[in-house]
2 protein chains.
Amino acid sequence: MADQEIETADALVQLAHLVQRVFAEVSRDHGLTPQQAQMLCRLHPGPVRMAELSRALHLEKSSLTGLVDRVEARGLVSRRRDAGDRRACQVELTADGALAAGACHMEVSARLEALVDELPTGRRATLLSGVSEILRRAGGD
Amino acid sequence: MADQEIETADALVQLAHLVQRVFAEVSRDHGLTPQQAQMLCRLHPGPVRMAELSRALHLEKSSLTGLVDRVEARGLVSRRRDAGDRRACQVELTADGALAAGACHMEVSARLEALVDELPTGRRATLLSGVSEILRRAGGD
DNA sequence: TAATTTAATTCGTAGTGCGAACTGTTGTCA
DNA sequence: TGACAACAGTTCGCACTACGAATTAAATTA
């Protein structure tokens, strides 16, 4: 039992590395770092405040400032002063940024689905539901 | 179907982030970066050549040099000249390094298993076998 | 109005990761 | 054997990541 559990953890760690590698390769193909691509994807639904983005990406505010700076310099994102609170600003995708975000998301999805699709349908569904449940339970962190 | 597949990829990406975060927190508790901890774990079974370590960690040789330098400076690892090939060197854990590697591996395992253990037994087994199969098929990359 | 809290930035520091250029060492083959 | 290609690691310069402490300015609260 103990041995099996050790393998469980190793399997999750290896899976995480695999996903990360896919993400990194796709990002690189678009001239982005994984962090930049991740931020663009997170911004796709709509503008987000720095503070909220910082929480979503698990980054200190000071780290986020630089990340947004670099992506803004590439013209993929812009800061818009918040109307209601003049301290704050909303980060939003530019047209180019939206394209890049869409492309990255699509390619990452395609490559990950390709991996999962090789499993028999039943096992695939169980895998997904298991992962979802883990995320749900750990979501509050 | 398409929507479900998009969610599949998102779930994997989120799972990867979760695993990464656990790994990063545990590493930090031991005064290490995730990369350093990962290297120590990879070295636990025994000494490894730079070139092979570079392949295992998916790093360029030049990146690995610095990583090993920093961990060696902390006294967790040492370079030993290879007897058979005077160009090469074996990287091996020191006593301190073995302790750190063991502790990190144990804590990461415990925390990941805690997540998975909340699932019903049957679903847990299917999840694991699915992950293993994905890794097996993607392993050649 | 004064004091506190909040949003974001700046600055310094340590670490990561790449590619190109370089130093030795080993192997090859003419 | 002697030139030369292939290989193991390192060095260097660069861009990026991430943190925490200190700072500025705006909003809130007392």
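I'd like the full set of residues that are of a type outside the set (A, V, I, L, M, F, W, C), under 24 Å from A:Leu115 (Cβ atoms) and within 8 Å of chain A (Cβ to nearest Cβ), limited to segment B:110-141. Residues satisfying the conditions are B:Glu113, B:Arg123, B:Arg124, B:Thr126, B:Ser129, B:Gly130, B:Ser132, B:Glu133, B:Arg137, B:Asp141.
Check segment A:64-72 and report whether any residue there is at pLDDT 95 or above, of a type in the set (A, V, I, L, M, F, W, C), more than 8 Å from DNA strand D (Cβ to nearest atom) and in contact with a Gly (Cβ under 8 Å, 6 or more places away or on another chain). Taking every residue of segment A:64-72 in turn, none turns out to be at pLDDT 95 or above, of a type in the set (A, V, I, L, M, F, W, C), more than 8 Å from DNA strand D (Cβ to nearest atom) and in contact with a Gly (Cβ under 8 Å, 6 or more places away or on another chain).
Here are some residues: B:Gln14, B:Gln36. Which one is over 13 Å from the mean Cα position of the chain (by Cα), more than 9 Å from DNA strand D (Cβ to nearest atom) and not basic (Lys, Arg)? Within the list B:Gln14, B:Gln36, the selection yields B:Gln14. When you scan segment B:81-98, do you find a residue that is within 14 Å of chain A (Cβ to nearest Cβ), crowded, with 20+ Cβ neighbours inside 10 Å and either away from DNA strand D (no atom under 14 Å from the Cβ) or part of a loop (DSSP other than H, G, I, E, B) (or both), even just one? For segment B:81-98, residues within 14 Å of chain A (Cβ to nearest Cβ), crowded, with 20+ Cβ neighbours inside 10 Å and either away from DNA strand D (no atom under 14 Å from the Cβ) or part of a loop (DSSP other than H, G, I, E, B) (or both): absent. Does A:Gln38 satisfy the condition of being among the polar types (S, T, N, Q), crowded, with 20+ Cβ neighbours inside 10 Å and within 11 Å of chain B (Cβ to nearest Cβ)? Judged against the criteria, A:Gln38 is a match.
Residue pairs whose Cβ atoms lie under 9 Å apart, separated by 6 or more positions or on different chains, with the first residue in segment A:39-56 and without any contact (Cβ under 8 Å) to a residue 60 or more places away in the chain and the second of a type in the set (Lys, Arg) and surrounded by fewer than 18 Cβ atoms within 10 Å (Cβ to Cβ), are A:Pro47/A:Arg80; A:Val48/A:Arg42; A:Met50/A:Lys61; A:Met50/A:Arg79; A:Ala51/A:Lys61; A:Leu53/A:Arg42; A:Ser54/A:Lys61; A:Ala56/A:Arg42.
Taken over segment B:61-80, the residue count meeting the criterion of being farther than 21 Å from B:Leu32 by Cβ and not in a helix (DSSP H, G or I) is 1. Output the residue which, of all residues in segment B:45-80 that are under 24 Å from A:Leu18 (Cβ atoms), surrounded by fewer than 15 Cβ atoms within 10 Å (Cβ to Cβ) and within 8 Å of DNA strand C (Cβ to nearest atom), is nearest to the other protein chains (Cβ to nearest Cβ). Checking each candidate, the answer is B:His58. Could we say that A:Asp117 is modelled with pLDDT under 95 and either under 18 Å from the mean Cα position of the chain (by Cα) or within 16 Å of DNA strand C (Cβ to nearest atom) (or both) here? The answer is no for A:Asp117. Scanning segment A:103-141 for residues that are surrounded by 20 or more Cβ atoms within 10 Å (Cβ to Cβ) and part of a loop (DSSP other than H, G, I, E, B) yields a total of 0.
Each residue in segment A:85-114 was checked for being touching a residue at least 12 places away in the same chain (Cβ under 8 Å) and of a type outside the set (Val, Ile, Thr), and 17 pass. Criterion applied to B:Ala88, B:Ala56, B:Ala103 was being in contact with a strand residue (DSSP E or B) (Cβ under 6 Å, 6 or more places away or on another chain) and not aromatic (Phe, Trp, Tyr), and the one residue passing it is B:Ala88.
The values are calculated or read from the model by the stated rules, or taken from the named source; none is laboratory data. Computed from a predicted model, the values in this text were never measured in an experiment. FYI the Cβ positions are ideal-geometry reconstructions off the backbone, even for glycines, and counts take in every protein chain you see.
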